[in-house]
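Remarks on the structure that follows.
Readers should treat all values here as calculations from the given coordinates under stated rules, not as data from a laboratory. Just so it is clear, the model here is predicted, and its values are computed rather than measured. Cβ sites come from the backbone with ideal geometry, for glycine too, and all protein chains shown count toward neighbours.
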Amino acid sequence: MEDRAFNEIDLRRMLEYATGHRSDILEGRFVIDARHAGLPWEVIVEPHEVRELLVVITAYPVERATP
């Protein structure tokens with residue numbers, strides 16, 4: 001997390017205020033649409049059914065192509 005300039009609190013805030021979600025290209029994973037520092041981010045998560053929790057795989061800023 002430190003190499004991407006966010007910490008656990010930032011990540012929890014991104015998930016708390018998520019703006020949407022969709023299935024990831026890998027079955028069983030989901031992409032959470034979020035914002036951090038005013039910019040769009042995506043957080044990849046995978047539910048852990050046995051422990052009933054959400055495992056964060058990675059998070060990264062979304063770079064939009066400029067026209």
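A P(r) calculated from all alpha carbon pairs of segment 2-61, with 10 Å bins opening at zero, reads 22, 56, 21, 1 percent. All other residues whose Cβ lies under 9 angstrom from that of residue 45 are scored, Lys and Arg at +1 and Asp and Glu at -1, for a net of -1.
Helical content alone sets the calculated 222 nm signal of the chain at -4000 deg cm²/dmol, taking -39,500 (n - 2.57) per DSSP H segment of four or more residues and averaging over every residue. May I ask what percent, to the nearest 5, of DSSP beta bridges between residues of the chain are antiparallel? Expressed as a percentage, antiparallel bridges in the chain total about 100. The phi-based Karplus calculation (6.51 cos²θ - 1.76 cosθ + 1.60; θ = phi - 60°) puts the 3J(HN,Hα) values of segment 44-57 at 9, 10, 9, x, 9, 5, 5, 8, 6, 9, 10, 9, 7, 8 Hz, whole numbers, x for Gly and Pro. Under a model in which nothing but the beta-carbon of Lys, Arg (+1) and Asp, Glu (-1) is charged, the chain shows a dipole of about 220 debye around its Cα centre. Each peptide in 16-23, 35-42 gets a packing score, the mean of other Cβ atoms within 10 Å over its residues, and the list from highest to lowest is 35-42, 16-23. Ranking 38, 26, 54 by Cα position along the charge dipole of segment 2-61, where only Lys, Arg, Asp and Glu carry charges on their C-beta atoms, puts 38 farthest toward the positive end. Scanning residues 5 or more positions from residue 24 or on other chains, those with amide H under 5 Å from its amide H are 29, 30, 31, with H placed 1.01 Å from N in the peptide plane.
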